[in-house]
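Written out below as structure tokens is the structure these notes cover.
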Amino acid sequence: SSGINAEYGGTLTENELVFRKCSVEGVKYASSTDGTLVLEADQTPADLNDRVLKDFMIAMSLCHSVFTTEYQGVLNYEASSPDEKALVEAAAMCGVKFMFSSRNSRKIKLDGHLDRYEFLHILPFDNTRKRMSIILRDPSGKVLLLCKGAESSVLEICETGCIDVTRQHVDDYAAEGLRTLVFAMREISEEDYAKVDELMLDCLNAINDREAKEQLAFKSIEDKLCCIGATGVEDRLQDGVLETISALKEGGVKLWVLTGDAGATPPIP
């Protein structure tokens, strides 16, 4: 018998991601046809002034590696990851707009005014951890760690929050063919931040075994987090994919799909 190996993202799909759903402290939300956020259960408009939901949107608008460009007065988002771009755009649609990023700060527009977050450190994504984190000082002076990544890598470092229900919602989203990310956070005391800062500087200055030292440092920093929710984005299949796959199966051709997502994600008939 014959067979075909197919790569999922960007080959079978358009690789243009669209925000569809999110789970925030156990409550499911969805993006309606006009882009507004609604409660998934009854399709009523979400309360964007709800503090819990707003904090989640702030995390979406800050925890990423997106940068902004401006042309003729229009703000645009640029990102190497289409997932990140989709999430930042979704947060902006919900009233938390990422405006600016520099070596020292990130700014978001919230309730009509600019909030400045001091940029302290970033723990970039890698294929070992399958997550990224950013450490910021918020406008009130609190030091926050925001983390996002694969369900398996983020939930295992969470001690509090909506862990079980978020895991179930991620499974639900994957079964619908959505790509998922889990978000978590923790507040860092000034005493603990001094230790974190020292660890990060040691990694930066390391000449030998920098990668190994980073992994040890990141593991100690990304610990005892609070799970705050998850997101689901759609990567649409390209035109004709389903029909082509169906024809191949009818002809007795086996198809294997290669994906880095959860096994349930590829919506293959």
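The values are calculated or read from the model by the stated rules, or taken from the named source; none is laboratory data. Not measured: the values here are computed from a predicted model. Here the Cβ positions follow ideal geometry from the backbone for every residue, glycine too, while neighbour counts run over all protein chains shown. Heads up: the accessible areas ignore ligands, DNA and RNA and are worked out on the full protein's heavy atoms, side chains in. Shrake-Rupley method; radii C 1.70, N 1.55, O 1.52, S 1.80 Å.
Would you check if there is a residue in segment 125-143 being among the polar types (S, T, N, Q), open to solvent by 10 Å² or more (accessible area, probe 1.4 Å) and in contact with a helix residue (DSSP H, G or I) (Cβ under 9 Å, 6 or more places away or on another chain)? Taking every residue of segment 125-143 in turn, at least one turns out to be among the polar types (S, T, N, Q), open to solvent by 10 Å² or more (accessible area, probe 1.4 Å) and in contact with a helix residue (DSSP H, G or I) (Cβ under 9 Å, 6 or more places away or on another chain). All conditions but one from (1) at pLDDT 90 or above; (2) open to solvent by 20 Å² or more (accessible area, probe 1.4 Å) apply to Gly252; the one that does not is (1).
Rundown of residues vs (1) of a type in the set (A, V, I, L, M, F, W, C); (2) modelled with pLDDT of 95 or more; (3) surrounded by fewer than 19 Cβ atoms within 10 Å (Cβ to Cβ), yes/no style:
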position: Thr180; (1), (2), (3): no, yes, no
position: Phe183; (1), (2), (3): yes, yes, no
position: Arg186; (1), (2), (3): no, yes, no
position: Asp192; (1), (2), (3): no, yes, yes
position: Lys195; (1), (2), (3): no, yes, yes
position: Glu198; (1), (2), (3): no, yes, yes
position: Ala206; (1), (2), (3): yes, no, yes
position: Arg210; (1), (2), (3): no, no, yes
position: Ser220; (1), (2), (3): no, yes, yes
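Suppose we keep only residues that are assigned to a strand (DSSP E or B) and open to solvent by 40 Å² or more (accessible area, probe 1.4 Å) within segment 104-124. Which one would you say is nearest to Ser65 (Cα to Cα)?
Of all residues in segment 104-124, those assigned to a strand (DSSP E or B) come to 105-110, 113-123.
If we keep only those that are open to solvent by 40 Å² or more (accessible area, probe 1.4 Å) as well, we get 107, 109, 113-114, 116, 118-119, 122.
Numbers: Lys107: 13, Lys109: 18, His113: 23, Leu114: 19, Arg116: 17, Glu118: 15, Phe119: 12, Ile122: 9 Å.
This residue is Ile122.
Out of all the residues in segment 20-51, which are more than 21 Å from Leu155 (Cβ to Cβ), assigned to a strand (DSSP E or B) and either aliphatic (A, V, I, L, M) or touching a residue at least 40 places away in the same chain (Cβ under 8 Å) (or both)? Within segment 20-51, Ala30, Ser31, Leu37, Val38, Leu39 qualify. Of the strands (runs of 3 or more DSSP E) that lie entirely inside segment 52-103, those containing 1 or more residues that are open to solvent by 30 Å² or more (accessible area, probe 1.4 Å) and basic (Lys, Arg) span 96-101.
Scanning segment 195-220 for residues that are over 25 Å from Leu155 (Cβ atoms) and in contact (Cβ under 8 Å) with a residue 24 or more places away in the chain turns up just one, Asp197.
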